[in-house]
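Colleague: Starting off with a structure, shown below.
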Amino acid sequence: MSDMDDLNDLNDLNDLNGGFFAGEGIGDEVPDEEPDAGFDDGLLDDLRQAAGILDPVPTALRQLAVEAYALHDLDARLAELTFDSLVDAIPVRGATDPPRMLTFHSGDVTIDVEVTSQGLMGQVLPPQPAGIEVLSGPRAGATLVADDLGRFSSDVTPAGPFALRLRAGGEVVVTEWLRA
């Protein structure tokens, strides 16, 4: 009996016993299946629809996203957050409500901001007069004016995500969005 006869006998035995792959004998090639074979695109649509009904995106968050995108200014430079006292500062013992100190840089412009429960104040460096908008999502942002020394302040503390848009000398600089 040759090796081929032995292989045929094993194939016949595999077929009779159901084998590992019912209907396929030893040595038969198993077709490669795609990982998502049998996964219906209609099922994905149904799952998306169910998620939209059972766990919808909050209206306020959707509005924030739309307005954040709409506020995107192609000519604006992004001011990068380089210091945040919540992350970078050493805690002071005994301080009950320390202000949050933020520093943003964009090119040669620096914006220092202090956020407290009484509002926010800051300074533009190098000192220069500027218009500053506090962007805070769906609400109309407060417009502040920086004096000749670059100082500005507001009695309103931003609630939720906020960013600052600085307009000075024909330039527009927008800070990163942060949560107050």
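Colleague: Name the residue that is farthest from residue 164 (Cα to Cα), counting only residues in segment 20-56 that are modelled with pLDDT under 85 and of a type in the set (Val, Ile, Thr).
Modeller: The residue in question is 26.
Colleague: Here is a follow-up. What do you reckon, is residue 147 farther than 18 Å from residue 116 by Cα, more than 24 Å from the chain's Cα centre (by Cα) and of a type outside the set (Val, Ile, Thr)? Reasoning before the result, please.
Modeller: Values: farther than 18 Å from residue 116 by Cα: yes; more than 24 Å from the chain's Cα centre (by Cα): yes; of a type outside the set (Val, Ile, Thr): yes.
Criteria met by residue 147.
The values are calculated or read from the model by the stated rules, or taken from the named source; none is laboratory data. In this text, all values refer to a predicted model and were calculated from it rather than measured experimentally.
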